[in-house]
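This report concerns only the one structure given below.
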Amino acid sequence: MSTALLRVKNLVKHFPIHGGLLSRVVDHVHAVDGVSFEVAAGETLGLVGESGCGKSTTGRCVLRLIEPTAGEVWFEGRDVTRLDKRSMRALCRDMQIIFQDPYASLNPRLTVEAIIGEALIIHGLAGKGSEYRDRIVDLLETVGLRGEHLRRFPHEFSGGQRQRIGIARALAVSPKLIICDEPVSALDVSIQAQVVNLLEDLQEKFGLTYLFIAHDLSVVEHISQRVAVMYLGRIVEIASARDLYTTPKHPYSEALLSAVPIPDPTIKRRRIVLQGDVPNPINPPKGCHFHPRCPKAMERCKVEAPLLREIAPGRVAACHLND
């Protein structure tokens, strides 16, 4: 892999739980529990897992929309977690996010022009008058909308169109990295394909790098070069999309892939049904977090947490079965 644009090392985010008369901290939710990965310039890394496993929290901690509890986030050689507010604001030009819900992520009181133009004004990238408006029109046309849409409000658009406005807003400051936080999960299936194809075209045109967060494995397979699988706050496997989808090396990855529909009735895939529920992130299991539901669990898994280690060139997994 080429030089990493983004490097995350042992990222931790524990949310405090307050209780009692004085609202003291009585426990913590272990949302992200020691996550490490790298994303190369121009690459798309898919981050997948069940709902509640910490994917979105990881993405927001990278941008410091949520302050991490511990760990390091290196972007172009700088530790993002140690930057002051002024330096962080400047860095936001290079790191942007596309939110999951296009209905909640756009201010309903602002026009499209104001939504997209806000970042241009904050970062001093906007000229005056026609230059400012021409830049917004160009961004709208880049994402497949028309220039006259700039005077409309979000409620006048469909879900797919709103997400395109969110993409245009992220592109406004010419970023290098975009965190795609389940950008198509709230859209109809037919619209999902259009938005994914748009993201691929924009990546090729502008040399973008994506951290693509999703729970739909078929979407991730289409857009990602590599995929990281996450379970209960930890990454359990990272591999190229081809290797992961053909020969998964972690039992959780196998179970996830067994649930992906195959559009060919002649191909039969053995469905792996996991028993029980996802453990409580307030009190996660000792050892391997997955062992209470793992069909291949050993006694060792109950007491010793497996390390995320390289098992083949460019491939890592956290499972005692690979020792």
Quiz prompt | Subset tally (residues that are in a loop (DSSP other than H, G, I, E, B) and in contact (Cβ under 8 Å) with a residue 24 or more places away in the chain) for region 298-317 | solution = 2
Quiz item: Does region 117-169 hold any residues that are under 23 Å from Ile191 (Cα atoms), surrounded by fewer than 18 Cβ atoms within 10 Å (Cβ to Cβ) and free of Cβ contacts under 8 Å to residues at least 60 places away in the same chain, and which are they?
Solution: Asp138, Glu141, Gly144, Arg146, Gly147, Glu148, Arg152, Phe153, His155, Glu156, Ser158, Gly159
Quiz item: Only one residue in Lys9, Lys55 is of a type in the set (Lys, Arg) and buried (at least 21 other Cβ atoms within 10 Å of the Cβ), so which one is that?
Solution: Lys55
Quiz item: Within region 133-140, is even one residue aliphatic (A, V, I, L, M) and under 15 Å from Ile98 (Cβ atoms)?
Solution: yes
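Here's the yes/no breakdown for (1) of a type in the set (A, V, I, L, M); (2) out of contact with any Lys or Arg (no Cβ under 9 Å at 6 or more places or on another chain):
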| site | (1), (2) |
| --- | --- |
| Thr209 | no, no |
| Ile223 | yes, yes |
| Val236 | yes, yes |
| Ala241 | yes, no |
| Ser253 | no, yes |
| Leu257 | yes, no |
| Gly287 | no, no |
Quiz item: If a residue has to be within 20 Å of the chain's Cα centre (by Cα) and farther than 20 Å from Tyr210 by Cβ to count, how many in region 77-87 make the cut?
Solution: 2
Exercise. Give the residue that is surrounded by the fewest Cβ atoms within 10 Å (Cβ to Cβ), with candidates limited to residues of region 12-25 that are in contact with a Pro (Cβ under 7 Å, 6 or more places away or on another chain) and among the β-branched types (Val, Ile, Thr).
Key: Val25
Exercise. Starting from residues that are of a type in the set (A, V, I, L, M, F, W, C) and crowded, with 20+ Cβ neighbours inside 10 Å, keep the ones in region 64-81 and report whichever is nearest to Ile235 (Cα to Cα).
Key: Val73
Self-check item: helices (runs of 4 or more DSSP H) (entirely within region 53-128) containing at least 1 residues that are acidic (Asp, Glu)
Solution: 112-122
Practice problem: May I ask you to verify whether Arg242 is in a helix (DSSP H, G or I), out of contact with any Phe, Trp or Tyr (no Cβ under 6 Å at 6 or more places or on another chain) and free of Cβ contacts under 8 Å to residues at least 12 places away in the same chain? | Solution: yes
Quiz item: Got at least one residue in region 52-63 being touching a helix residue (DSSP H, G or I) at 6+ places or on another chain (Cβ under 7 Å) and of a type outside the set (A, V, I, L, M, F, W, C)?
Solution: no
Exercise. Output the residue which, of all residues in region 276-319 that are over 27 Å from the mean Cα position of the chain (by Cα) and not aliphatic (A, V, I, L, M), is surrounded by the fewest Cβ atoms within 10 Å (Cβ to Cβ).
Key: Glu299
Quiz item: So which residues in region 162-220 are farther than 16 Å from Gln96 by Cβ and among the basic types (Lys, Arg)?
Solution: Arg162
Self-check item: Residue satisfying all of: in region 231-258; out of contact with any helix residue (DSSP H, G or I) (no Cβ under 8 Å at 6 or more places or on another chain) and of a type in the set (A, V, I, L, M, F, W, C); nearest to Arg270 (Cα to Cα) among these
Solution: Ala255
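All of the numbers you see were taken from the coordinates with simple rules; none came from a lab. The shown structure was predicted, so the numbers you read here are calculated from the model rather than taken from an experiment. Positions of Cβ are generated from backbone atoms using ideal geometry, with glycine treated the same way; all protein chains shown enter the neighbour counts.
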